[in-house]
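The values are calculated or read from the model by the stated rules, or taken from the named source; none is laboratory data. A quick note: this is a predicted structure, and the numbers were derived from the prediction, not measured. Every residue, glycine among them, receives a Cβ derived from its backbone with ideal geometry; neighbour counts consider all protein chains shown. These accessible areas exclude ligands, DNA and RNA; they are computed on the full protein's heavy atoms, side chains included. Shrake-Rupley method; radii C 1.70, N 1.55, O 1.52, S 1.80 Å.
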Amino acid sequence: MTSLSELPIRDDLRGRSPYGAPQRPVPVALNVNENTHPVPADVAADIVARVAAAVGGVNRYPDREFTELREAFARYLGHGLTADAIWAANGSNEVLQHILQAFGGPGRSLLGFAPTYSMYPLLASGTGTSYLAGSRDADYELSPETAAAQIREVDPDIVILCSPNNPTGTPLDLDTIEAAYDAARGIVVVDEAYAEFLPEGAPSALTLLPGRPRLLISRTMSKAFAFAGARVGYLAADPAVIDALRLVRLPYHLSALTQAAALGALAHSDEMLATVGEIRVQRDRLVSELARLGYTPHRSGSNFVLFGGVDDPHATFEALAQRGILIRDVGIPNHLRVTAGTEEETTAFLEALAALGRPARATAEDGAPERSQSAPVDSDA
């Protein structure tokens, strides 16, 4: 049988591994930052009815402009947005791919601040865009001064800011986004995949859109909406940016079934997001209990917690997996990441971790260095 190495693939793809988190059939899966609460039964029934109705017309192509869905996203986001400022695709990863196809490419660069979402360099590579790994401040924070200085130094064509950051959970102040935008000459993307989990009333980067035509705000339905399997991501930006993304999208890239399902979920957004408060409670519980157990949890505005003080992350990961609990080794020395699940799932994780015994005495690698450097990170947005 022919091996991959024998095929005439692109030179820059040789030796690479495909993206992916471990998928094991375990009772408690807290490894990919999903909303572990199921879709409410009445909402699921309405979504099924809408998809069934759409099936009757699948002999025809779907609305290429997905106009009704864009209008629904604009209503959901608010901030005076209209449909001409909205884009959507098959998950936020495809939204980001469209951005790189339109504004990146050979001879152009993308700057991210490591450690961050591991798909950013992969998406850059797939579009022939050079990826530049910037650094963070202590404890994975990113100040306006740090961001602006690095942007001015490397002069990237695209800057991407993950807020809250994955895999660290670090919230990002609007001052940092403003400073990044002012320092950049090109596109600035704010990936708000986890924005709904921020504290109640915390401002979104959406408030910064007016007067900033190079600012793009990416969102997803995979996390807070508990809609990961539907694969729906979306974007708010200046209408001119939306026109640019039309140039690179595949024809009819959002199926009629996807559009129908997403419209059903948005029609019940209050019910779909009803679990967000409980997830915040479990996230904060993880922070306090991990600290009590002797670990070093980092500040999180997301639905997961990164914690240090783990003597052997791989061994701890495997020991928990043997107990039916899957979390994530994200490649940061002495750290692991756990999603905030239901109260029962969170309890199962904490009890299993406690049963493994207290962590070894912290090492110099347990916390972020003065400047967090690039690290091999494998994590889901």
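Specify the residue with the greatest mean-square fluctuation among 59, 33, 93, computed from a Gaussian network of the chain linking alpha-carbon atoms under 10 Å apart.
Of 59, 33, 93, the most mobile in the Gaussian network model is 59.
Would you work out the relative contact order for region 132-190, in percent, from Cα pairs under 8 angstrom that are 6 or more residues apart?
That works out to 42 percent.
Can you give me the distance in nm between label points at residue 5 and residue 288, each placed 7 Å from the Cα along the Cα-to-Cβ direction?
Reported label-point gap for residue 5 and residue 288 is 5.4 nm.
Residues of region 8-70: accessible area per residue at 1.4 Å, in Å²?
66
Efficiency by 1/(1 + (r/R0)^6): what FRET value for residue 63 and residue 240, r their Cβ-Cβ distance, R0 = 22 Å, to the nearest 0.05?
Details: r = 22 Å, r/R0 = 0.98.
The computed FRET efficiency comes out at 0.50.
What percent do you get for the relative contact order of region 144-295 when only Cα pairs under 8 Å and 6+ apart count?
Contact order relative to length: 18 percent.
Out of every Cα pair in region 158-224, what percent are spaced more than 18 Å from each other?
On the way: 680 of 2211 pairs.
Value for region 158-224: 31 percent of Cα pairs lie more than 18 Å apart.
Using only the alpha-carbon atoms of region 57-133 as identical scatterers, what base-10 log of I(q)/I(0) does the Debye formula give at q = 0.15, 0.18, 0.24 Å⁻¹?
Values, matching the q order: -0.69, -0.84, -1.01.
Over the chain, what percent of the accessible surface lies on carbon and sulfur atoms, probe 1.4 Å?
The nonpolar share, carbon plus sulfur, comes to 52 percent.
Would region 183-287 count as rounded, prolate or oblate if I go by the C-alpha gyration tensor, calling it rounded below 1.5 in a/c and otherwise prolate when a/b exceeds b/c, oblate otherwise?
The shape class here is oblate.
Quick one: check the C-alpha center-to-center distance for region 203-266 versus region 287-320, whole angstrom.
Going from one Cα centre to the other spans 32 Å.
Can you give me the convex hull volume of the Cα atoms of region 77-172, divided per residue and expressed in Å³?
119
Rounded, prolate or oblate: pick one for region 15-89, where a ≥ b ≥ c are the square roots of the eigenvalues of its C-alpha gyration tensor, a/c under 1.5 means rounded, and failing that, prolate if a/b is larger than b/c, else oblate.
Taking the square roots of the gyration eigenvalues as a ≥ b ≥ c, region 15-89 is prolate.
Suppose we take every Cα in region 230-316 and form the convex hull; what volume per residue is that in Å³? Don't jump to the answer; show the numbers that get you there.
Working: hull volume 16.1 nm³, N = 87.
Value for region 230-316: 185 Å³ per residue.
Between residue 253 and residue 79, how high is the FRET efficiency from 1/(1 + (r/R0)^6) when r is the Cβ-Cβ distance and R₀ = 25 Å? Nearest 0.05.
The calculated FRET efficiency here is 0.50.
For the chain, what's the relative contact order in percent, using C-alpha pairs closer than 8 Å and at least 6 residues apart? Intermediate results must be reported in sequence, preceding the final value.
On the way: 764 pairs, mean separation 94.4, N = 381.
Over the chain, the number comes to 25 percent.
Tell me which residues come under 5 Å, amide H to amide H, from residue 193 once H is placed; ignore anything under 5 positions away on its chain.
Here 163 satisfy the definition.
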